[in-house]
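Note sheet for the following structure.
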Ligand code: PAF
């Protein structure tokens, strides 16, 4: 597996692969890889001739009070997992390589970025769309792989690729969970033992909500109230949002639509965790 920190080396490798007519799958990550990322890399491996993993903690998607400085990193462990899963190239640039001095060009998707995480993280999705656009252009990938845990991100990247005619297939992959249901996340590492136990409340509450939706409940407020009540019963949890939106424009609904995303963001202690379910 080739390890590189430079855009130039990625471009050269991609050019050589394209000259041979090989297809390329891209897995964009911020590193500290876990089984969730592993599932994306494994799927990319199956569906493409070559697999590129990007491993870059993207500073422009973090707000000033967020965890950029403390975001967990372990590049050697990331390389090991990528090699085991058969990735061909890992791209691990410094911020200066990605963002030249006087960088002023951003990509964003309106409407879909307004709700859910967009409310409490106003610059986040423009940062994501910008870095993802750069990675798409560099990798010239045929397919790019994103986890459903970041459902809003997945919807936004899909819409961006459609609206702006990026010639790339966006592949959404299922949430990978711990045995007790907690969604895998690099941020789980921030949790103390007590918080780790409490964090299961996200999945427990969403499971309740999903049962209600699947059993035909049409009153969105009832679904949101049931999830909220379950989370509020956990003393270490503080809700950022519990939202029910349509799985198209990501707008709040009063009647549960046929294609629905129910998503939560909850602080467990100081750690903000997200989780969701989609019924289509
Ligand atoms: O989901 C992530 O890890 C990041 O938002 C992404 C897509 C790698 C962009 O930095």
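The values are calculated or read from the model by the stated rules, or taken from the named source; none is laboratory data. Model, not experiment: these values are computed from the prediction. Counting neighbours? That spans all protein chains shown, and the Cβs are built from the backbone with ideal geometry, glycine included.
Among the residues of segment 75-85, the ones that are surrounded by fewer than 18 Cβ atoms within 10 Å (Cβ to Cβ) and closer than 16 Å to residue 41 by Cβ come to 5 in all. Residues being in contact with a helix residue (DSSP H, G or I) (Cβ under 7 Å, 6 or more places away or on another chain), buried (at least 19 other Cβ atoms within 10 Å of the Cβ) and either in contact (Cβ under 8 Å) with a residue 40 or more places away in the chain or outside any helix (DSSP H, G or I) (or both) are represented in segment 96-111 by at least one member. If you go through segment 1-39 and keep only what is in a helix (DSSP H, G or I), within 17 Å of residue 92 (Cβ to Cβ) and within 16 Å of the ligand (Cβ to nearest atom), you end up with 7, 10, 37. Kindly indicate whether any position in segment 123-136 is assigned to a loop (DSSP other than H, G, I, E, B), at pLDDT 95 or above and either more than 12 Å from the ligand (Cβ to nearest atom) or in contact with a strand residue (DSSP E or B) (Cβ under 9 Å, 6 or more places away or on another chain) (or both). Checked segment 123-136: at least one residue is assigned to a loop (DSSP other than H, G, I, E, B), at pLDDT 95 or above and either more than 12 Å from the ligand (Cβ to nearest atom) or in contact with a strand residue (DSSP E or B) (Cβ under 9 Å, 6 or more places away or on another chain) (or both). In the set (1) in a helix (DSSP H, G or I); (2) within 12 Å of the ligand (Cβ to nearest atom), residue 144 fails one condition alone, (1).
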